[in-house]
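Please treat every number below as a calculation from the coordinates, not as lab data. Model, not experiment: these values are computed from the prediction. Positions of Cβ are generated from backbone atoms using ideal geometry, with glycine treated the same way; all protein chains shown enter the neighbour counts.
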């Protein structure tokens, strides 16, 4: 599966300068090949995300597994994500909620498809995002960072960022990706959220 992924990273890197919308609070991860994930180290089955909710932007959408398709451009074979039209797409080579690494989900903005992530740019620092798994588990994250990546004429920094942002991380992280601004696809909007702290029960 690494050959299609390598081509995919080439496609993702075709973006430009990074605009920090919210101060970064997430360390850049090391670039490594992303394995197909199906089990925990203990052999327990993992639970895939099936619903994403962000009340702050009235987002409540189904999540489906998303793979990639390979197409030929000239003498090169290019891998591209097979984006679902009316659902958010969980990158099936990324982590699952609660696994302790990078959970990556993409969706269309208002310019095409089902417009699942049409209001993603309205998320603010501290807003909650809830993922529900196929076992009805709920995991809450809080937004810590937003980045806009200008497409075309990609800088080295932007290329590196787009490589990094979908890779495994040493801690639990939710990464949401859509096109920006809402009426076109000239940029990429990246929203990063970390697990919300679990508060002890009130005595």
message = If packing is taken as the average count of other Cβ atoms within 10 Å, what order do 124-134, 103-113, 138-148 fall into, highest mean first?
response = 103-113, 138-148, 124-134
key: Taking the convex hull of Cα positions in region 84-129, its mean projected area over all directions (nm²)   = 3.8
request  = Provide Rg and Dmax in Å for region 49-130, with only Cα atoms included in the calculation.
outcome  = 14.3, 46
